[in-house]
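The structure appears below as structure tokens.
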Amino acid sequence: MLDADFFLRWMNALTEAVNREAGRLTELDAAIGDADHGTNLQRGFTAAKAALEKDAPDTPGAVLMLTGRQLISTVGGASGPLYGTLLRRAGKALGDEAEVSREQLAEALRAGIAAVAQLGGAKPGDKTMLDALEPAAAALDESFTAAREAAEEGAAATVPMLARKGRASYLGERSIGHQDPGATSSALLIGALEEAAR
Amino acid sequence: MTGVVGIVLVSHSAQVAASVTDLARGLAGAGDAVPVAAAGGTADGDLGTSSELVARAAHEVDRGAGVAVLVDIGSAVLTVKTLLAEGDELPDGTRLVDAPFVEGAVAAVVTAAAGADLDAVEAAAAEAYDYRKV
């Protein structure tokens, strides 16, 4: 079973991954976006880390709700409301259980992903974070490792896609051949889950 | 609801939000009769959207008759939608209005200045999409 401590380790591992990969995320975003994805997420997760240390939420749902809240208020770009909605909706789905199963987490993530899809109006294949998150949530029923692999494959699969959402969509055909920054950061989110489970 | 509808203008740029606020006020000739607030850029003054600035602006213009929020693109749209979905971040009767930013802002302020309700302000702002230039 996964307790609040597991979820705090997950968010910590994610913050470290975002700090480590911020340069790459911003580089990917420079190709088809506005070159701020790495710095925006760094700002958001740094604020979230401070809030988690200060408030020490004691349920899985509360960890995700607080992190999502911080992302919405501090990121400044579209990734703030998108990741904020993902985590807050997933956190809400977990309720105030002290421990949840991996299957419950997968179900909660699917609720979060549905909320993100509704908010942004994107579908799988539009070259967005959904292309990494949807296969990952499905594979999470199997294992953390399968979820991480599915997320990485999903992110890599955005390279030949034509962007249909966000600033990259203005580029039309020129968006083809670049990996989507949002799908890439989503793979970090799922990869951090595997790290927390170690 | 009684009172005048409030207007919030959310842009990635603080200058754009402030300038469109001045423009809409000026063209409406409404003086201070309509509460209009700009929420532009991030809290640090960079390009982007600040949920805090949006929430503060909405509370500032709320007179109990509803608040119409007009936005430019991307994170401005998503931030306002997210705040509305949260339920308790914005005043009751706050609505994201689907309208072109500049033309919609002018139409919204003019309509609000005439004492119209939120539905009419929203309709006037949305109608600005139909205004062809050629």
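Computed from the coordinates by the stated procedures, all read-outs in this text should not be read as laboratory data. Every value quoted in this text rests on a predicted model; they were computed, and no experiment measured them. Neighbour counts run over all protein chains shown; Cβ positions are idealised from the backbone, glycine included.
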Notebook entry, point to check: Distance in nm between label sites at A:D55 and A:D141, each 7 Å beyond Cα in the beta-carbon direction?
Noted result: 3.2
Check: Helix A:181-197 versus the longest principal axis of chain A: what is the Cα-based angle in degrees, 0 to 90, to the nearest 10?
Finding: 30
Margin query: Just to check I understand the Karplus step: with θ = phi - 60° and J = 6.51 cos²θ - 1.76 cosθ + 1.60, what whole-Hz values come out for region B:66-78, glycine and proline as x?
Written below: x, 10, 9, 10, 10, 10, 8, 9, x, 5, 5, 5, 5
Margin query: For A:M161, what residues show an amide H to amide H distance below 5 Å, using hydrogens built from the backbone and excluding near sequence neighbours?
Written below: A:G177
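Please label the shape of the protein assembly as shown as rounded, prolate or oblate, based on the square roots a ≥ b ≥ c of the eigenvalues of the alpha-carbon gyration tensor (a/c under 1.5 means rounded; beyond that, a/b larger than b/c means prolate, else oblate). Provide the component values of the computation, followed by the final result.
On the way: a/c = 2.30, a/b = 1.69, b/c = 1.36.
Prolate, because a/c is 1.5 or more and a/b exceeds b/c.
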Item checked: Amide H contacts of B:I73 (H built 1.01 Å from N, under 5 Å, at least 5 apart or other chain) -> B:H12
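Name the shape class, rounded, prolate or oblate, that the alpha-carbon gyration tensor gives for region A:52-141, where a ≥ b ≥ c are the square roots of its eigenvalues, rounded holds for a/c under 1.5, and otherwise prolate holds if a/b is larger than b/c and oblate otherwise. Walk me through the numbers on the way to the answer.
Details: a/c = 2.50, a/b = 1.21, b/c = 2.06.
Cα axes put region A:52-141 in the oblate bin.
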Next item on the list: Pick out which of B:A123, B:A30, B:A85 has the largest mean-square fluctuation in a Gaussian network model of chain B, springs linking Cα atoms closer than 10 Å.
Entry: B:A85
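Select from region B:26-134 those chymotrypsin sites (Phe, Trp or Tyr not before Pro) which occupy a DSSP coil region and have at most 13 other Cβ atoms within 10 Å, ordered by residue number.
Those that pass, being in a loop and sparsely packed, are B:Y131.
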Next item on the list: Report the relative contact order of chain A, percent, no decimals, based on alpha-carbon pairs under 8 angstrom and at least 6 residues apart.
Entry: 23
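With the convex hull built on the Cα atoms of chain B, state its orientation-averaged projected area in nm².
Its average projected convex-hull area is 7.5 nm².
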Note to self: If each DSSP helix of 4+ residues adds -39,500 (n - 2.57) and the sum is divided by the residues in chain B, what number results at 222 nm, nearest 500 deg cm²/dmol?
What the structure shows: -14000 deg cm²/dmol
Notebook entry, point to check: Which value in nm describes the separation of the simple spin-label points at A:E99 and B:D119, placed 7 Å from the Cα toward the beta carbon?
Noted result: 5.5
Checklist line | Distant-in-sequence amide H partners of B:G40 (H built 1.01 Å from N, under 5 Å) | finding: B:S11
Next item on the list: Sticking with the crude label model, points 7 Å out along Cα→Cβ, report the distance from B:L23 to A:L171 in nm, one decimal please.
Entry: 2.9
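Semi-axes of the equivalent ellipsoid for region A:2-197, please: Cα gyration tensor eigenvalues, times 5, square-rooted, ordered largest first, whole Å.
Working: eigenvalues 131, 63, 40 Å².
Working through the eigenvalues yields semi-axes of 26, 18, 14 Å.
Go ahead and run the numbers for FRET between A:E27 and B:T2, Cβ-Cβ distance against an R0 of 45 Å, rounding to 0.05.
Numbers: r = 54 Å, r/R0 = 1.20.
E(calc), rounded to 0.05, equals 0.25.
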Check: Using a simple charge model, +1 on the beta-carbon of Lys and Arg, -1 on the beta-carbon of Asp and Glu, nothing else, what dipole does the protein assembly as shown show about its Cα centre, in debye to the nearest 20?
Finding: 600
Margin query: In whole Hz and in residue order, list the ³J(HN,Hα) couplings for region B:112-123 that follow from phi through the Karplus curve 6.51 cos²θ - 1.76 cosθ + 1.60, θ = phi - 60°; x for Gly and Pro.
Written below: 5, 5, 7, x, 5, 7, 4, 4, 5, 5, 4, 4
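Rounding to the nearest 20 debye, state how big the charge dipole of chain B is about its Cα centre with +1 on each Lys and Arg Cβ and -1 on each Asp and Glu Cβ.
Roughly 340 debye for chain B.
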Margin query: Quick one: 3J(HN,Hα) in Hz for region A:21-31, Karplus 6.51/-1.76/1.60 with θ = phi - 60°, rounded, Gly and Pro as x.
Written below: 9, 4, x, 5, 4, 5, 4, 4, 5, 5, 6
Check: Averaged over peptide A:66-76, how many Cβ atoms belonging to another chain are found within 10 Å of each residue's Cβ?
Finding: 4
